[in-house]
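Remarks on the structure that follows.
The values are calculated or read from the model by the stated rules, or taken from the named source; none is laboratory data. Keep in mind that this is a model prediction, so the values were computed, not measured. Positions of Cβ are backbone-derived with ideal geometry, glycine not excepted, and every protein chain shown enters the neighbour counts.
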Amino acid sequence: MNADTIIIGGGMVGAALAFGLRGHGLNTLLLDEGDVAFRAARGNFGLVWVQSKGFDCPEYAAWTRRSADLWPGFAAEMTALTGVDLHHERPGGLHLCLSEDELTKRQSQMTRLHNHSGGQFRFEMLDRGALDGMVTGLGPDVVGGSYSPLDGHANPLYLLRALQAGYQARGGRKALDARVIDIKWRRGVYRLKTTQGDMQAPKLVIAAGLGTKPLAAMLGLDAPIDPLRGQILVTERVQPFLNLPLTLVRQTGEGSVLMGDSHEDVGFDDGTRWDVLAGIVDRARRIFPFLEAARIVRSWGALRPYSPDGLPIYDRAPEGDGAFVASVHSGVTLAAIHTGALAEAIAEGRLPDEVSVLKAGRFHVH
Amino acid sequence: MFTELDGMAPGEMVSFTFEGRTVAAKAGMTVAAALLAAGVTATRETPVTGAARGAYCLMGVCFECLMVINGVPNQQACMIPVQNGMQIARQRGAAEIGP
Amino acid sequence: MNTDYQIAVIGAGPAGMAAATTAAEAGARVLIVDEQPAPGGQIYRNIETADKAGETVLGADYAYGRKLTDALRASTAECVSGATVWQVSPEREIGLSVAGAARMITADAVIIATGAQERPFPLPGWALPGVMTAGAAQIALKAHGLTAADAVFVGTGPLLYLIAYQYLQAGVPVRAIIDTTPWHRYVTALPHLPGAMLNLGPLIKGLGYLRALRAAGVPFIRGASDLRIVGAEIAEAIRYEHSGHQHEITTPHVFLHQGVVPSVNLTRASGCDHRWDDAQRCWRVTTDDWGETSIDGIFAAGDGSHIGGALAAEHRGHLAALGALHRIGRLDAAVRNNRAAPVRHILAQAMYLRPFLDALYRPAKAHLVPTDDATVVCRCEEVTAGEIRDIARIGCAGPNQLKSFCRAGMGPCQGRLCALTVTEMLAELNGFSHEEIGDYRRRPPVKPLTVGELADLAGPGS
């Protein structure tokens, strides 16, 4: 055996699970692809976000809330272990509306979320006057927005760095440039063919982002995860003006301003289109007119691993009894609970009850 | 100190201010070159540690010569010709762009 | 399809000028854009306003550039100066900023001729104000008639000796030349000498520069090691080891040079394939014989595609124009090939010397992979060699993973001054080849533009 458990994928989900599993004493091997794998983890906006999640799925909303609540402790633990500052803050978050129509729609979404959560999800609808008390420099088009004290943000790149460093600090082993070509289950063991040679283990975790669908299929699980592109831009460093994250604009700990995003079905194209980017910055400028003077230094297309309903897939493969599949597009928000409750359950050979509605079978309507 | 070659043809002069100091330079010179000729090598303080930096490449590649020119931050001084009455200051840290 | 231009040329150095002129003379609707206030690129910078005195100091090779600018001005090519190109999409949509306003331009073919830049030279203290490149010394001289007192030139390669020679011609004393060419390069370059003999002119000229510098008594220091630039706020001195002793030269002006490399930000951001050229120790965009990249209709010419000097660049530009004209259906293949033949001949001649120069002036390992952990590698984000080594140790697949962990390459220069060093360091630390390690991903905008400029391009209902 190469390990008790092989984790395929060193991105946000894989690294978190590997870190958590090591914490339970499992002998793990983490397989990571090369430098230019699709790496949703590197494209991420950095929100630790509750208020836009699970409008139609109370279980997912609750899972998200739990993770967001665990984040501050999780961030402190990671910093203590690795010395990497995750720049996590939880000042609450805003979703701004640029018309009365948007505001009305938002209010009904927030209310539904609140009701389905038995009051656990807390929010406030803010009018323009109230917003001006929290954020300066808003443009005239901003009519109001929703605020939730449960929201926050962090640096997704440093999060991944900390997870990788933490995994190593816990004695976890890693194989770089190891792309999995084939998986077979035979006589209680998962046998992998990879670009770094053959490997085997009695347990497997497939957390390979956009690589998950074909790998899960090798073990008989249809996990429909496909790319959904979101384009993002970042500016030069600017003096701090915004300490609350907004869904479309966020100022990082370094001072640079991130602006996003889009939802495009363009296959595996992680490029950018000038017209989509122009639309994003146009909206950002309507929110903060003074930002028009900031210089854009980079743009990218982030390919989200997206399921048909946008919700995670946590499941196990039919082949054998020990292969788990985990795929989410909110890897930052869920990082805390992935290193915690999800890793713990997988270490015990099961999935948490709370996420039983998030199996892949939900897409197969008979 | 950078000085002009002997025997260069005289040209139209312009004057600008650099952090309160009036500087004269030949029209057509870039801001970075004019400051070098005036004995100024440091153009900015980095946003990460506040370290002093100056022009390195003079051709728009290194982004070290970032300065505030007429109130606009992070301008590449080596790419901008001096003009009469220009106000130039070192870029100290992050750009001052705010509400 | 209604494009704005048939051929758009980006960069008005020798390659760009030759390309635009050739294409315009063939009757195509041509646009040529350049960031500088006038055509010439870096090598012929300011050539249109240079006076006789300037040309004497800078030499006949510089004066030659006038031919190219005159021909360009006489052609029907539309010439836009002070224009920054921030993107070229694979569909040939060019994002351009002029005087603070952005616009999009489309073309049937694009010729990217954005030239070369200095190879980074990460020495301890290289980020101190007052430390500049030999190229910067050249620009200060060419464009502004400025020279530095107490100049110390450090490094290896023909351009280093050229600028020192030009100082001599201008009557400006050179404090010292610290030549970092490793001794054994003279041996390893020998096999390439026969090829170089086919183009003796530049070689003889170069030897002439060196002879003149020695005759003028300019201190020539060879075999120095452990170079470092020191100073409290600005550069004050350069120190080095030689013959078992520590030496120091007091000066506020140190000019570094260890060769030039293609500027790849635009070709990479456009999605073109690149490969590692170990002879020239740099990344180069992959092109066919006409300069066409892996993306249809996008060509690359000049030092930006293959370092070869001004004359080679001009002829590559000419070939790219012929290739582009054929690509857009304005020139049939047979005519194109006939016209190309004499151009290829001169290009080949200009390139005979190259393998010898590349071998002789290949930088020392210690100047490609900094040994001192405190040396800044990413100047913009102030990431040191030591930090990069630490991150490589937690298992970094390549430069992009590294970038995401420590911000190296995320600053305004977008990797122009650190990418090569990072690739060199990771290749050494991980034991992989440069090709296997790879390069930073580059993305538009390759030069910054404001939120306002881009937002103004948004259509209604975005």
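Numbers below:
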quantity	calculated
Any hit, the stretch C:406-416, residues being away from chain A (no Cβ under 13 Å) and crowded, with 20+ Cβ neighbours inside 10 Å	no
Pairs with Cβ under 9 Å, 6+ apart, first in the stretch B:1-28 and more than 7 Å from chain C (Cβ to nearest Cβ) and without any contact (Cβ under 8 Å) to a residue 12 or more places away in the chain, second crowded, with 18+ Cβ neighbours inside 10 Å and among the aromatic types (F, W, Y)	B:T22/B:F16; B:A24/B:F16
Test: B:F18 is aromatic (F, W, Y), surrounded by 14 or more Cβ atoms within 10 Å (Cβ to Cβ) and touching a Gly at 6+ places or on another chain (Cβ under 9 Å)	no
Among (1) surrounded by fewer than 20 Cβ atoms within 10 Å (Cβ to Cβ); (2) within 13 Å of the chain's Cα centre (by Cα); (3) over 24 Å from C:R119 (Cα atoms) - the single one B:M79 does not satisfy	(3)
Within the stretch C:361-389, considering residues that are among the β-branched types (V, I, T), farther than 22 Å from B:G93 by Cα and in a loop (DSSP other than H, G, I, E, B), the one nearest to the chain's Cα centre (by Cα)	C:V369
So C:R407, is it among the charged types (D, E, K, R), over 18 Å from the mean Cα position of the chain (by Cα) and at positive phi	yes
The stretch A:272-325, subset among the aliphatic types (A, V, I, L, M) and touching a Pro at 6+ places or on another chain (Cβ under 7 Å), residue farthest from B:V68 (Cα to Cα)	A:L303
A:G188 vs. criteria surrounded by fewer than 24 Cβ atoms within 10 Å (Cβ to Cβ), within 14 Å of chain B (Cβ to nearest Cβ) and on the phi > 0 side of the Ramachandran plot	no
Residue match in the stretch B:58-67 (condition: in contact with a strand residue (DSSP E or B) (Cβ under 9 Å, 6 or more places away or on another chain), buried (at least 20 other Cβ atoms within 10 Å of the Cβ) and within 20 Å of C:A149 (Cβ to Cβ))	yes
Qualifying residue in the stretch C:299-316 (condition: part of a strand (DSSP E or B) and under 25 Å from C:Y44 (Cβ atoms))	yes
Test: residue in the stretch C:417-427 that is part of a loop (DSSP other than H, G, I, E, B), of a type in the set (A, V, I, L, M), within 11 Å of another protein chain (Cβ to nearest Cβ) and over 20 Å from A:L233 (Cα atoms)	yes
Residue within the stretch C:385-399 that is among the charged types (D, E, K, R), crowded, with 24+ Cβ neighbours inside 10 Å and either closer than 22 Å to A:S299 by Cα or within 14 Å of chain A (Cβ to nearest Cβ) (or both) present	no
Filtered residues of the stretch C:345-354 (kept if closer than 21 Å to C:W290 by Cα and in contact with a helix residue (DSSP H, G or I) (Cβ under 6 Å, 6 or more places away or on another chain))	C:I346, C:L347, C:Q349, C:A350, C:M351, C:Y352
Unique match (being surrounded by 24 or more Cβ atoms within 10 Å (Cβ to Cβ), within 24 Å of C:D303 (Cβ to Cβ) and either aliphatic (A, V, I, L, M) or more than 9 Å from chain B (Cβ to nearest Cβ) (or both)) among C:L141, C:L162	C:L141
Failed criterion for A:L242 (all others in (1) assigned to a strand (DSSP E or B); (2) within 24 Å of C:C380 (Cα to Cα) hold)	(1)
Test: C:G41 is buried (at least 18 other Cβ atoms within 10 Å of the Cβ), within 14 Å of chain B (Cβ to nearest Cβ), assigned to a helix (DSSP H, G or I) and out of contact with any strand residue (DSSP E or B) (no Cβ under 6 Å at 6 or more places or on another chain)	no
When residues of the stretch C:252-267 are limited to those that are within 11 Å of chain B (Cβ to nearest Cβ) and outside any strand (DSSP E or B), the one farthest from the chain's Cα centre (by Cα)	C:P252
Residues (charged (D, E, K, R) and not in a helix (DSSP H, G or I)) located in the stretch A:185-234	A:R186, A:R187, A:R191, A:K193, A:D198, A:K203, A:D222, A:D226, A:R229
Residue in the stretch A:165-179 that is crowded, with 19+ Cβ neighbours inside 10 Å, of a type in the set (F, W, Y) and touching a residue at least 60 places away in the same chain (Cβ under 8 Å) present	yes
Counted residues, the stretch C:230-251 - those being among the hydrophobic types (A, V, I, L, M, F, W, C) and over 28 Å from the mean Cα position of the chain (by Cα)	2
Complete set of residues in the stretch C:97-118 that are surrounded by fewer than 24 Cβ atoms within 10 Å (Cβ to Cβ) and out of contact with any Phe, Trp or Tyr (no Cβ under 9 Å at 6 or more places or on another chain)	C:V98, C:A99, C:G100, C:A101, C:R103
The listed residue being among the acidic types (D, E) and more than 23 Å from A:L291 (Cα to Cα), out of B:E12, B:E96, B:E45	B:E12
Any hit, the stretch C:431-449, residues being at pLDDT below 95, at the interface with chain A (Cβ under 9 Å from one of its Cβ atoms) and part of a helix (DSSP H, G or I)	yes
Residue check, C:H184 outside the structural domain of C:A38 (by TED's automatic domain parsing) and under 21 Å from C:G54 (Cβ atoms)	no
Residue in the stretch C:101-114 that is under 19 Å from B:I80 (Cα atoms), out of contact with any strand residue (DSSP E or B) (no Cβ under 9 Å at 6 or more places or on another chain) and more than 10 Å from chain B (Cβ to nearest Cβ) present	yes
From the options C:V88, C:V98, C:V110, residue that is without any contact (Cβ under 8 Å) to a residue 60 or more places away in the chain, aliphatic (A, V, I, L, M) and assigned by TED's automatic domain parsing to the domain that holds C:E48	C:V98
